[in-house]
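S.K.: Just dropping this structure here.
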Amino acid sequence: MKQMKGRKPFLILLSLVLIASMVMSSVAYVTGSDNPRKPDKQNPVTATDVELVKKTTVKPLGPPNAPPGQENKKVKGIATGVFGDMVSGDRYAVVVGISDYPGESSDLSYCDVDANEMYDVLTEVYGFTEVNRLLDLDATREAILTAIDDIPEDAGEVVFFFSGHGMRGVANDGDKEKWDEAIVTHNGTHIVPIWDGELKGAFSEFETSRIVFVFDTCLAGGMKKDLEAPGRFIAMATTERGLAYEDSIWGGGHGEFSYYFVEEGMHDGNADVYDHNNNGKMDDVTMEEAFDYAKINCAYDKPTVGDYFENDLLL
């Protein structure tokens with residue numbers, strides 16, 4: 001009995017140490033880390049107070065007239081007219097658009113069209129050869145994260161585009177934010193988010209600092225805090241609490257931001273302001289020019305940007 005009594009304080013101390021270790025590990029993940037871990041491809045982190053914020057049409061806001069053009073709106077641009085460092089190495093992209101979610105209550109109309117337009121721009125205008133396009137029911141959480149994971153860590157440039165719904169909540173995703181935002185994907189049968197902290201982890205191991213993100217979702221501005229880093233460019237359809245819109249009035253059917261940023265801005269070349277000369281090819285539209293054009297022309301979305309690339313970024 002004396003021997004057991006002697007071991008009791010030791011066992012209590014050992015238990016306290018183990019509990020403290022578990023708590024510290026949990027706290028380290030919740031409050032953030034310089035080395036965020038890769039997300040589970042099938043299961044999102046736990047979250048509370050979750051709210052799906054759906055992209056909507058402009059019709060409830062008024063007549064479906066074309067929004068005002070750039071002549072009616074003055075916006076200070078971010079384009080400098082000076083190319084930053086040109087890409088060195090292979091270029092990869094993951095392009096996602098979800099109009100058809102599981103069931104019918106969350107379906108959209110033009111997010112797959114947005115993604116197809118981005119695919120065309122990357123391949124036809126900017127000469128990308130490695131573009132993984134995921135649409136509708138093929139764009140599961142697992143497929144998206146696998147596509148990111150399949151990009152070589154030594155890629156010269158990475159582009160990630162997403163058009164669909166947004167989500168907010170309090171997620172255990174490794175960052176320091178009280179409220180988190182997510183892009184809304186699915187697992188084939190149910191809606192499933194990829195939280196901003198999880199995206200941070202998914203993109204944490206690339207050697208390049210040349211990464212472009214484009215989000216055409218509600219709450220898109222909330223992605224900036226987790227994804228900002230030197231050399232990155234983050235184009236977002238709206239603010240951290242704003243709504244994103246889609247309708248047939250934009251090019252027969254698009255998200256408003258995607259229409260001006262991707263189709264009119266880059267594909268049609270309307271965003272060109274500065275006469276660049278890239279190896280003899282004139283009038284290349286940079287990401288900064290495309291964003292300026294979208295911000296000038298968007299009447300309903302409130303485009304937001306995180307530009308951490310020195311001078312202007314040409315894909």
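The values are calculated or read from the model by the stated rules, or taken from the named source; none is laboratory data. These figures come from a predicted structure and were not determined experimentally. Please note: Cβ atoms are built from the backbone with ideal geometry, for glycine as well, and neighbour counts cover all protein chains shown.
S.K.: For Ile234, are the conditions met, namely being closer than 13 Å to His165 by Cα and outside any loop (DSSP other than H, G, I, E, B)?
M.R.: In short, no.
S.K.: Here's something else I'd like to know. In the set Asp275, Asp301, Asp292, which member is free of Cβ contacts under 8 Å to residues at least 60 places away in the same chain and over 27 Å from Val45 (Cα atoms)?
M.R.: Exactly one residue qualifies, and that residue is Asp275.
S.K.: Filter the range 102-128 down to the residues that are farther than 23 Å from Glu264 by Cβ and buried (at least 23 other Cβ atoms within 10 Å of the Cβ) and list them by number.
M.R.: Once the filter is applied, which keeps residues that are farther than 23 Å from Glu264 by Cβ and buried (at least 23 other Cβ atoms within 10 Å of the Cβ), the range 102-128 yields nothing.
S.K.: Moving on to the next point. Take Gly103 and tell me if it is part of a loop (DSSP other than H, G, I, E, B), modelled with pLDDT under 95 and under 23 Å from Tyr308 (Cα atoms).
M.R.: No, not satisfied.
S.K.: Looking only at residues in the range 269-304 that are outside any loop (DSSP other than H, G, I, E, B) and surrounded by fewer than 18 Cβ atoms within 10 Å (Cβ to Cβ), which one is modelled with the lowest pLDDT?
M.R.: Met282
S.K.: Among the residues of the range 239-248, are any among the β-branched types (Val, Ile, Thr), modelled with pLDDT of 95 or more and outside any loop (DSSP other than H, G, I, E, B)?
M.R.: No, the range 239-248 contains no residue that is among the β-branched types (Val, Ile, Thr), modelled with pLDDT of 95 or more and outside any loop (DSSP other than H, G, I, E, B).
S.K.: If we keep just the residues of the range 164-194 that are touching an Asp or Glu at 6+ places or on another chain (Cβ under 6 Å) and surrounded by fewer than 24 Cβ atoms within 10 Å (Cβ to Cβ), which is modelled with the lowest pLDDT?
M.R.: Filtering first and then ranking leaves Asp175.
S.K.: Got a sec? Which of Val94, Val58, Val87, Val75 is surrounded by 18 or more Cβ atoms within 10 Å (Cβ to Cβ) and at pLDDT below 95?
M.R.: Among Val94, Val58, Val87, Val75, only Val58 is surrounded by 18 or more Cβ atoms within 10 Å (Cβ to Cβ) and at pLDDT below 95.
S.K.: Something else about it: Is there any pair with a first residue in the range 101-119 that is over 18 Å from Arg133 (Cα atoms) and a second that is part of a helix (DSSP H, G or I) whose Cβ atoms are under 9 Å apart and which are 6 or more apart or on different chains, and what are they?
M.R.: Pro102/Leu137
For (1) farther than 14 Å from Met118 by Cα; (2) aliphatic (A, V, I, L, M), each residue gets a yes or a no:
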site	(1), (2)
Glu205	yes, no
Asp216	no, no
Leu219	yes, yes
Tyr245	yes, no
Gly255	no, no
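S.K.: While we're on this one: In the range 191-231, how many are farther than 30 Å from Glu104 by Cβ, in a loop (DSSP other than H, G, I, E, B) and of a type outside the set (A, V, I, L, M, F, W, C)?
M.R.: Number satisfying all stated conditions: 9.
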